[in-house]
Structures are given as structure tokens and as C-alpha cells.
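Report on the structure given below.
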Amino acid sequence: MTPRIEDIDIHELLPQQEPFVLVDRLTWFDEQRTTTEFTVREDHLMVEDGRLMTCALAENMAQTCAARLGYVNKYILKKDIQIGFIGAVKDMVIHDTPKIGDMLVTTIDVLQQLMNITLAEATIRCNDRIIATSQLKIAMVAS
């Protein structure tokens, strides 16, 4: 039985573990769209001078993709979590970096999925503003 989405421990869906986790919770999942939330904490490894580092935004997008794939594997396919990697980042635009206490709402929309490759468009919002966008190609390691 699939638990309610708000009851899922994000650590069960991600291959990444602390201190590298940049997603707190899964808030939406369907075949085309996945949304996560992450609150920037002062003690996070990727916070510098009170702000989340730029590179962490790309990783947050990738971990939202990983949460989607983890959900598919665990609750739909009934398989173990697979390891994946970023195959390509295209057209990344960063308008701002969030500060400590800000909540990121990250949405990925699947544009195409072929075998073990997912092409997704990612958007990060913070305080109701888009702060970053990108297109990601995520490749899963064959199991």
C-alpha cells in the first residue's frame, strides 16, 4: 500500500544521504510532474555567508528528479532505489540564491523519458518568485 505523500520519508526515495540532502519532502507526484520542498538551514554543508551556494540549486533540481524516480521505483515498480547521475544541464538560469530560512519549492516536469534517460524541465521558486530554471538529462544506472 502506498502511504500518503506527506508521510513519506524523503530519505527512503533518495540515493543521497546527509549531509548532502537538498530536499526535505515530496509534495506532489504524478507521471509528468514532481514537486519537492527544501528549507535552507544555517548548518547545511552548502550554505556559505548565509546563502545557499549556486551549485546547490542544480543539485536540488537533480534530487527532485531522484525523488521522482525513487517514488516510481519504491511504490510503483516495487524495486530498490536506483543510482543516477546528471547527464547534462542545459539552459540553466539563476536569478537569485536563497538565504537561511527560505523555502525552495522545486518542480520538475518530464519532457521525455526513454529507457534509462529522463529529460526534465526544472523550476525553483522561493518566496513566490522563480529563482532558477534549467533543463536536466538524468541517466539511471542499469540495475
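The values are calculated or read from the model by the stated rules, or taken from the named source; none is laboratory data. Computed from a predicted model, the values in this text were never measured in an experiment. Cβ placement follows ideal geometry from the backbone for every residue including glycine, while neighbour counts extend to all protein chains displayed. The accessibility values were calculated without ligands, DNA or RNA, using every heavy atom of the protein model including side chains. Shrake-Rupley method; radii C 1.70, N 1.55, O 1.52, S 1.80 Å.
For region 96-113, just list the computed ³J(HN,Hα) in residue order, Karplus coefficients 6.51, -1.76 and 1.60, θ = phi - 60°, integers in Hz, with x standing in for Gly and Pro.
My calculation for region 96-113 gives 6, 10, x, 9, 3, x, 5, 9, 8, 10, 10, 10, 10, 10, 6, 8, 7, 9 Hz in order.
Could you state the number of Å between the C-alpha centres of region 107-143 and region 16-87?
Between the Cα centre of region 16-87 and that of region 107-143, the gap is 11 Å.
Pop out the carbon and sulfur fraction of the accessible area of the chain as a percent, whole number, probe 1.4 Å.
Working: 4150 of 7810 Å².
Here carbon and sulfur together make up 53 percent of the probe-accessible area.
Could you tell me which residue out of Gly87, Met53, Gln113 lies farthest along the dipole of the chain toward its positive end? Charges go on the beta carbon: Lys and Arg +1, Asp and Glu -1, centred on the Cα centre.
About the Cα centre, the residue reaching furthest to the positive side is Gln113.
Which value, in Å³ per residue, describes the convex hull spanned by the Cα atoms of region 49-143?
Working: hull volume 10.1 nm³, N = 95.
Spread over its residues, the Cα hull of region 49-143 gives 106 Å³ apiece.
Starting at 0 and stepping by 10 Å, how many percent of the alpha carbon pairs of region 11-61 end up in each bin?
23, 53, 21, 3
Per residue, what accessible area does region 54-143 have, given a 1.4 Å probe and all protein chains present, in Å²?
Values: 4550 Å² over 90 residues.
Each residue of region 54-143 exposes 51 Å² on average to a 1.4 Å probe.
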